[in-house]
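The values are calculated or read from the model by the stated rules, or taken from the named source; none is laboratory data. Keep in mind that what you see is a predicted model, and the values were worked out from it rather than measured. Here the Cβ positions follow ideal geometry from the backbone for every residue, glycine too, while neighbour counts run over all protein chains shown.
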Amino acid sequence: MKLALASDHAGYPLKQHLVDYLRQQGHEVLDLGVDTDKVPSDYPDAAAATARAVLDGRAERGILACGSGVGACIAANKIPGIYAAVCHDTYSAHQGVEHDRMNIICVGSRIVGEKLAEELVDAFIRAQPSDEERHQRRFAKLQAIERANANVT
């Protein structure tokens, strides 16, 4: 799978671990930075870069890491067409794709360790959106809310 990964400085060590892990698993990884944890950086920049890569087709899905996962998730969800969630358990990591068409997973590097992060991204990558009518109906409602609020500031 083609995956885009990015982080702020707090998420850098975990992002870097996941880049290496996913490449070893045979995935095509687009590393969108940051390249160090020594220089403060902002999670909205990482979220925007990852969202652009998913929306323009350079990646099928995205992975964001910041200290808690929350800031990156909020930032990513500001972009129409992005459905991001913080997942620190494997059930949410796959269910978010299956039921809600999550296309970016956000993880907190201060919350989860490397092995759990591997399990989270594995569950996220393996999951496929459900074709069940109830999930399609609910996703259509999400998209309607998104369209209705596209110009609200």
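A few points about this structure:
- Filter result for H99 (over 19 Å from H27 (Cβ atoms), part of a loop (DSSP other than H, G, I, E, B) and at pLDDT 95 or above): no
Residues checked against (1) touching a helix residue (DSSP H, G or I) at 6+ places or on another chain (Cβ under 7 Å); (2) closer than 30 Å to G11 by Cα:
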position	(1), (2)
R110	no, yes
V121	yes, yes
I125	no, yes
A140	no, no
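- Test for G26: is it surrounded by fewer than 16 Cβ atoms within 10 Å (Cβ to Cβ) and either in a loop (DSSP other than H, G, I, E, B) or not aliphatic (A, V, I, L, M) (or both): yes
- Number of the exception - R110 against (1) in a helix (DSSP H, G or I); (2) within 24 Å of I63 (Cβ to Cβ); (3) not hydrophobic (A, V, I, L, M, F, W, C): (1)
- Search result, residues across the range 81-125 that are surrounded by fewer than 22 Cβ atoms within 10 Å (Cβ to Cβ) and in contact with a Pro (Cβ under 7 Å, 6 or more places away or on another chain): E98, R101
- Selection status of Q128, modelled with pLDDT of 95 or more and either surrounded by 15 or more Cβ atoms within 10 Å (Cβ to Cβ) or assigned to a helix (DSSP H, G or I) (or both): no
- In the range 37-80, residue surrounded by the most Cβ atoms within 10 Å (Cβ to Cβ) [restricted to those that are part of a loop (DSSP other than H, G, I, E, B) and touching a residue at least 40 places away in the same chain (Cβ under 8 Å)]: G69
- Cβ-Cβ under 7 Å pairs, at least 6 apart or on other chains, the range 18-30 side at pLDDT 95 or above, far side part of a helix (DSSP H, G or I): L18/A117; L18/V121; Y21/E118; L22/V121; V29/V19; V29/L22; V29/R23; L30/A53
- Taken over the range 62-84, the residue count meeting the criterion of being within 19 Å of A123 (Cα to Cα), in contact with a Ser or Thr (Cβ under 7 Å, 6 or more places away or on another chain) and either hydrophobic (A, V, I, L, M, F, W, C) or at pLDDT below 95 (or both) is 2.
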